[in-house]
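Have a look at the structure below before the remarks.
We did not get these values from a lab; they are worked out from the coordinates using the rules stated. Everything numeric in this text was worked out from a predicted model, so none of it was measured. All Cβ positions, glycine included, derive from the backbone under ideal geometry; neighbour counts span all protein chains shown.
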Amino acid sequence: MRMRNIGIMAAYEYRTNFRRGGFLFATFGLPLLAALVLLGIRWLSQRPETEGLIMVDLNKPMLVLDRAGLLPPTLPEGFTWAEDEAAGKDAVRSGDALALVILPPGYPEQVHRLQVFLTPGAEFSEALNRRLTVLVAYAHWHEVLSPDELALLQEPPEAEIVVLAGQAERQQQTQNTMRAYILSVVYFMALFSTAGYLLQSVALEKESRMVEVLLSTVTTWEMLWGKMAGLSALGFTQLAVWVVSARWLLGSAAGPAMGSFGSMSGLLSGMDWTFAVVAGAALLLGYLLYALLMVGLGALGNNVRESQQFSMFVSLTGTLPLMLGSLFFLNPNGLVPRVLSFIPWTAPLSIMLRVALTAVPTGDIIAAFASMLLGVGIAAWVGIRLFRVGILMSGKKPSWREVWYILRRPV
Amino acid sequence: MTDWVIETQQLYKSFGTTRAVDGVALRVPRGVVFALLGPNGAGKTTTLRLLMGMYIPDAGEIRVLGGPPGAARQRLGYLPEARGLYRQARVAELLVYLARLKGLDARTAERRAQAWLERFGLADWARRKVHELSHGMQQKVQLAATLVHDPDLVILDEPFQGLDPVNVRLVDEIIRELQAQGRTVLLSSHQLHRVERLADQVALIHRGRIVEHGPLTALRRRYMQGRIAVRLAPGGTLPADLPGVVTAQPAEEPQSWYLQLAPQASPQQVLFALVQAAVPLEGFEVVQPSLEDIFLQAVAGQEPVLAAA
């Protein structure tokens, strides 16, 4: 195997694919779009009228109009008499009151519903419902209850709220979940876009009918490693652009709008070394596994479309951990996340997610990596075999039975 | 001692139950134009792919340019039957890339690519993308890619396929130039009539087996069919009882006949008889067997498969 040929081939693959419109859009266009969206969010959040639209002060008084004659002259705290319906509505519109509550005539015997006029944004407020309950209870029981008992109605019952995890722990857990989610999406995109480039590149060799010219010039191994090296570099370039863009975007462009995740350093600060090592190794092994499979499957079709059909199964099953993300977030050490960690092509994403979310037993980590290593071995055997035979095949797309035959015969 | 550029012994290759190459033994001396001929599906392309090291043989031995197949890739130029180019690539850039893979440094590769583009009248198209070129121009680029690194051995699989007459002539010219430079050219084709004016030596392959091989002149002698073409002056008549002639068949042209000789008869004997009978001869030619005739005779008894060339 000549390293010079691998280098020339890798450089050519990198150069020509870098110039493709699809790559340029995905690499630079997506961060640009994200920047525009985040800058838009930031701009909107700084407009004063916007604050009025989304901010609701639930401590403002509620105006009351009692047409049923149920309430005593003195109202509980937080409630005020409205002069009339029109004045009450004006107060609500101007933001001086949270709501106008009208007890209609015949309430509650003939008419069962209160009328409530609200400020925008307060429609589904739990606080509002609670205050309405207080008002109705007050209306019903102010005659039968003593002043002390009535005073109890003015405030909701006190309760001791027990938080099982400490505040810091809860914050850390939330950060872990966010981090796992963001990283798994980035990881997934990096892994599959790079493997996808490989699949396309191999399929294109057949489609363009350049493959025999190349194989008369370089060995199958040189071609395979040349492509893998060039397109891996391309994939990692894309990843690097995304990470740098994300750092800039989250750190400066939209910081105020992104809360505690407003900076990349905030996102990465909670990352421990175990996670970094596991995620890095899983990314590397996962890439090798998918790349080798895609190289083989890419060689089976006569064109890019046929090759993509062959790779569909691998790609779909590879996304299982993301599709079943809720199971990982609920219980990272549950049965499904554990099983997926031991299947070679779902293991990279699964183990990375689990380690990001919780403490994973060392045995599970070892088993996941053993499965990935085994997977890489099998992918190398299958991928290279399919590549060697498939790359020179032409005519109709082979059936799965024929693929099985290719795997068993000498090449 | 002969310097063999290609040497194979008892070469076998099967795909499933189909035996594509069945005991092929080839010897191609240096500096000749060697034609591997046979109908479609005879095993030519598989044989070439074995020579290129793209397939591993089931059995047999191969030596190309003194080493195992694939060892001398940089001294070898290959124009495959299924050929194409990257449609989005720029012409000169693609040629430089292939030349560099063949071992040339960047500067030499650029110089050679430019020279071949000029040779084929494509210098003005160097920076254009391949898909902007006509079909004929793309074929010239493919040929340039085969030759850009000055190979010692050139293997052309069906080089005339899909070519217009102008490009057929161009390929003829290139092959003759390569031959004049002392390079070895291995041609594979099912178009026997196109090859016979170029080849020094041929091997006829049928169902994966070499059915005949050797220098073309020797093969022609061996397969001489005892036919003579005669043309008479206007008014002349062909005697009915020429000695040694079994049948006389009128040819397409007026006053012309094909004479089939008896096994022991010689052309000289017939010519002597015609002169003695004072027949007004305008033409007398011993008919050479075409490659197609030779092939048909060589596979006689086997299933006829030769497509009309």
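Counting partner chain Cβ atoms within 10 Å of every residue's Cβ in B:94-103, what's the average? Mind showing how you got there, number by number?
Working: counts 3, 0, 1, 8, 7, 1, 8, 14, 4, 4.
The shielding value for this peptide is 5.
What is the helix-to-structure angle for B:165-180, meaning the angle in degrees between its Cα long axis and the longest Cα principal axis of chain B, kept from 0 to 90 and rounded to the nearest 10?
Once rounded, the angle reads 80 degrees.
Please give the average number of partner chain Cβ atoms lying within 10 Å of the Cβ of each residue in A:13-26, rounded to a whole number. Walk me through the numbers on the way to the answer.
Details: counts 0, 0, 2, 7, 0, 0, 1, 1, 0, 0, 0, 0, 0, 0.
Counting other chains' Cβ atoms within 10 Å and averaging over A:13-26 gives 1.
Arranged from highest to lowest average of other beta-carbon atoms within 10 Å per residue, in what order do the peptides B:213-222, B:200-209 appear?
Answer by packing, highest mean first, reads B:200-209, B:213-222.
Going by Cα centres, region B:1-38 and region A:304-343 are how many Å apart?
Result: 50 Å between the Cα centres.
Could you sort the peptides A:60-69, A:360-369 by per-residue average Cβ neighbour count (10 Å cutoff), highest mean leading?
In descending order of packing, they fall as A:60-69, A:360-369.
Given H placed 1.01 Å from N in the peptide plane, which residues other than close sequence neighbours of B:Leu36 have an amide H under 5 Å from its amide H?
Long-range HN contacts for B:Leu36: B:Leu187, B:Ser188, B:Ser189, B:Ala203.
Which FRET efficiency value, to the nearest 0.05, do you get for B:Ala106 and B:Phe272 by plugging their Cβ-Cβ distance into 1/(1 + (r/R0)^6) with R0 = 56 Å?
Approximately 0.20, to the nearest 0.05.
For A:Gln309 paired with B:Asp172, estimate the spin-label separation in nm (one decimal), with each label point 7 Å from Cα along the Cα-to-Cβ line.
The answer from the label model is 4.4 nm.
Using per-residue counts of other Cβ atoms within 10 Å, averaged over each peptide, order A:372-381, A:299-308, B:140-149 from highest down.
Working: A:372-381: 18.1, A:299-308: 19.7, B:140-149: 22.8.
Output ranking for A:372-381, A:299-308, B:140-149: B:140-149, A:299-308, A:372-381.
Nearest 10 degrees, 0 to 90: what angle lies between the long axis of helix B:91-101 and the longest principal axis of chain B (Cα atoms)?
Once rounded, the angle reads 80 degrees.
Averaged over peptide A:211-224, how many Cβ atoms belonging to another chain are found within 10 Å of each residue's Cβ?
6
Counting only pairs 8 or more residues apart or on different chains, how many lysine pairs in the protein assembly as shown have their Cα atoms under 24 Å apart?
Here the count comes out as 21.
What FRET efficiency would be calculated for the residue pair A:Leu24, B:Gln9, taking the C-beta separation as r and a Förster radius of 51 Å, to the nearest 0.05?
Working: r = 54 Å, r/R0 = 1.05.
Result of the calculation: an efficiency of 0.45.
Check B:Phe15: other-chain or 5+ apart residues with amide H under 5 Å from its amide H, H built from backbone geometry?
Those lying under 5 Å, H to H, from B:Phe15 are B:Ala20.
For A:Trp43 and A:Leu320 in the same chain, what is the full-extension length gain: residue separation times 0.36 nm, less their Cα-Cα distance, in nm?
96.0 nm
Can you figure out the FRET efficiency of A:Glu402 with B:Asn40, using R₀ = 25 Å and their beta-carbon distance, to the nearest 0.05?
E(calc), rounded to 0.05, equals 0.70.
Nearest 10 degrees, 0 to 90: what angle lies between the long axis of helix B:267-276 and the longest principal axis of chain B (Cα atoms)?
40 degrees
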